[in-house]
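Read the structure below first, then the notes.
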Amino acid sequence: MADSSRRNQDLPADDMAEFLSVYIDETGEQCDQIVQLLLALESEPRDARRIAEAFRLIHSIKGSAAMLGLDRITGLAHHLESHFERLRSGSLLLDGPTIEAALRCIDYFRHCNDRLRQGEKLEPVDELLEVVKKLGQTTPATGATVATVSTLPTAPTLPTAPPTPTGASPTTTVTPAVPNAPTRPPVGDPRVRRIRVQFAPGLAMADLKAELVLARLGGLGVVVESSPAAAEFATSSELRTLDIVLRTVATGSAITIAADVDGVVGVELDVEPPAEPAAPPTPTEAGAVVETMRVGVERLDVLLNLVGELVVSRARFVQLVTDMAPLFRKAAVGGRSGGTIHSLREAVEAIVRSASGPIDRAAAACESQLEKLEEQGRLWEEGHRRYAELVESVDHLTRVADSLQRGVLSTRMVPVGPLLNRFKRSVRDIANELGKNVTLELAGEKTELDKRMIDELGDPLVHLVRNAIDHGIEPADVRLRRGKPEMATVRLAASQRGNSVIISISDDGGGIDLERVRDRAVARGLVSADQAASLSPRELTDFIWQPGFSTAKEVSNISGRGVGMDIVRTRIEALSGSIDIDSTLGVGTTFVIRLPLTLAIARCMLFRMEQAAVAVPVENVRELVTVTDDCILSIGGRRVCDIRGEFLPLVEMDEIFSWPSTAAEPAPRGAVLVIHSGSRAVAVCVSSLLGTQDLVVKSLDENFMRIRGLGGASILGDGEVCLLLDASAVVDIVMRSHAMTEVHA
């Protein structure tokens, strides 16, 4: 086979980059599908449908890699495909080593994708390649050597991408594979089978695919004839149908499997000889197909930024219309001006009637001014009419902008199912390594979340799942003593609540031992023994998030060094989310992650402070209350607010941020805003509310500097900069500065 990398030198760099991007996306999806098939095949190793589907996916990866000259991937996929061909034909049975090797190959393909994204060279694969080559050389039952069926790479499958530029032609010579040791036909009386194979319309290298079909069917018996004949394959303008007469004792399913190569869309058995060349069904006969296309996330980011600017402009128009409204109130302005003109006319006429001397010049001057005033009145009427049209246009712009905003956001929303399904493999590997029996339950796979957020959630969820299996799940003997089933359960669930998505990771393990947490906190010097004795369960649980904090008795390869939980919380908060823990000793632990649907546009409640307008995401606003002085108490030198029997720390905004104040006296407290993050809440005094509004959030880290407690900034309709609070950080600042203990009435 010619060096495929040489072919790529004929293609423009931009085309190769586009092909590579498509390859990475498609291969990533195919790897996910193969993993799901392999995990299912562990419990049902004889499932021919899943084996055939895995074979097809591996073949696609091989073909796409060959097209791009990725020889290491092509070679590994080729040998893995060859082994799955033996599994598909029934000459071998799927076993544990095959699944382990296949999963290692998938890991390698994914690792290659990561390196390709970074423009790095692929790592050697020699050791893994030898493992795959040795698969199936001996059968577990007898130890007899099985003849290796070596299949040369077939015609590469092009990724879904723009066509090859004119003048660039493939130089790879593809030879149909003929097994070195053909499978011996089963004993019995042969019968003649008529087989019709239909190829996909416009199939590349259809002549080679037809030769491959003949070679594979020849291994099951004797090919009596074919239409068209093999010698005519290369000269056929478009090979759509291949009719074969085969003398064989093989079953119908074996024939179908052998003829089902890549590019074949249908296999019919025992058909009547065609009177004339037959054509496969048109796409319309097969039913409607949903059309899709791939769009880079970067392009969606640009589009979302433009929508954000549109939202800001819409807010500006709405603000202007609101400010102009008093000027065009007909009853207030038009009525008064009309009455004024009428009164002036009556006054002038009275003066003229009562005057004793000539006043024609003065009367003419008054009449001229009245005409000008009437003209201004007519202009006002026209302005009022135009203003009404402006209001209508702004209303229409608002509706269109809202629809466009929702539409663009929906293009970035993807189901969390693929993310959650990845953990089937993680749970399997970790449980096997630790010698535990664990099953994974998934719920809410169709819940949608912003693509960027899903990309960032992978690592935090992996760490939480690892901790659940390593720390949370007890050994089998301990579970049996506690009356629990030996098979433990880890559950990943997703759901949408309002403008938030809730993701929970729960286990039915031993729960968090708060006494051990208390001892570890004292041992590490985080609190004194006296302080630790008075800490509430909620405050003890919060120590889990301290860097380097761990209650594990032993350090394993999975976890136990206290590294990661602080990073988990940091990563979640960077997504404007929060994470909370609910644990019961001996029953289990649940981590609850709350995330906004998207990071770009947030629905916020606005209020004004002396220094600036401030906003809080509505999902972090629990309530807005008016409190009297008798509801404000001092407990242990700390100011708290009694809200229906719940005592919350009460703070001014100046206690959270250090910023200059120009007022001689503090601004009057108008209301108290209860901000919550998970199960924690604080009360913040605000002076005046500005209502709710959609804000386009811009990062302070990228445009200014990181300020703890602020999650970003936005621009209001009047051009003023509005600061967006990071609710989780604000609650944390208040709790730490006040060293609050939970107080209950």
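The values are calculated or read from the model by the stated rules, or taken from the named source; none is laboratory data. All values reported here derive from a predicted model rather than from experimental measurement. Because the Cβ atoms are built from the backbone with ideal geometry, glycine has one as well, and the counts that use them run over all protein chains shown.
Looking only at residues of the range 389-423 that are touching a helix residue (DSSP H, G or I) at 6+ places or on another chain (Cβ under 8 Å) and of a type in the set (Lys, Arg), we find that the one that is nearest to residue 490 (Cα to Cα) is 422. Condition check for residue 526 on (1) at pLDDT 90 or above; (2) surrounded by fewer than 14 Cβ atoms within 10 Å (Cβ to Cβ): one failure, at (1). With respect to residue 589, is the statement that it is assigned by TED's automatic domain parsing to the domain that holds residue 434, more than 26 Å from residue 692 (Cα to Cα), β-branched (Val, Ile, Thr) and at pLDDT below 80 true? When the stated conditions are applied, residue 589 does not pass them. For the range 696-721, the set of residues classified as more than 23 Å from residue 681 (Cα to Cα), part of a strand (DSSP E or B) and either without any contact (Cβ under 8 Å) to a residue 12 or more places away in the chain or of a type outside the set (Lys, Arg) (or both) consists of 696, 714, 715, 721, listed by residue number. Applying the set (1) in a helix (DSSP H, G or I); (2) at pLDDT below 85; (3) of a type outside the set (Asp, Glu); (4) within 30 Å of residue 617 (Cα to Cα) to residue 532 leaves exactly one unmet item: (4). Of all residues in the range 197-236, those being surrounded by 16 or more Cβ atoms within 10 Å (Cβ to Cβ) and either assigned to a loop (DSSP other than H, G, I, E, B) or assigned by TED's automatic domain parsing to the domain that holds residue 59 (or both) number 6. Listed conditions (1) on the phi > 0 side of the Ramachandran plot; (2) at pLDDT below 80; (3) crowded, with 18+ Cβ neighbours inside 10 Å; (4) of a type outside the set (Phe, Trp, Tyr) are all met by residue 287, apart from (3). Taking the range 594-641 as the range and being assigned to a strand (DSSP E or B), modelled with pLDDT under 85 and surrounded by 18 or more Cβ atoms within 10 Å (Cβ to Cβ) as the test, the residues that pass are 596, 601, 602.
State yes or no: is residue 87 surrounded by 19 or more Cβ atoms within 10 Å (Cβ to Cβ), outside any helix (DSSP H, G or I), on the phi < 0 side of the Ramachandran plot and not hydroxyl-bearing (Ser, Thr, Tyr)? In short, no.
Hey, does the range 438-445 have a residue that's over 21 Å from residue 469 (Cα atoms) and touching a Lys or Arg at 6+ places or on another chain (Cβ under 6 Å)? No: zero hits.
Note on the range 575-593: residues that are assigned to a strand (DSSP E or B) and farther than 14 Å from residue 461 by Cβ total 8.
Just one of the listed residues (65, 52) is part of a helix (DSSP H, G or I) and either more than 28 Å from the chain's Cα centre (by Cα) or of a type in the set (Asp, Glu) (or both), namely 52.
Report whether or not residue 93 is within 30 Å of residue 22 (Cα to Cα) and either in contact with a helix residue (DSSP H, G or I) (Cβ under 7 Å, 6 or more places away or on another chain) or not polar (S, T, N, Q) (or both). Full working, then the answer.
Values: within 30 Å of residue 22 (Cα to Cα): no; either in contact with a helix residue (DSSP H, G or I) (Cβ under 7 Å, 6 or more places away or on another chain) or not polar (S, T, N, Q) (or both): yes.
Against the criterion (within 30 Å of residue 22 (Cα to Cα) and either in contact with a helix residue (DSSP H, G or I) (Cβ under 7 Å, 6 or more places away or on another chain) or not polar (S, T, N, Q) (or both)), residue 93 does not qualify.
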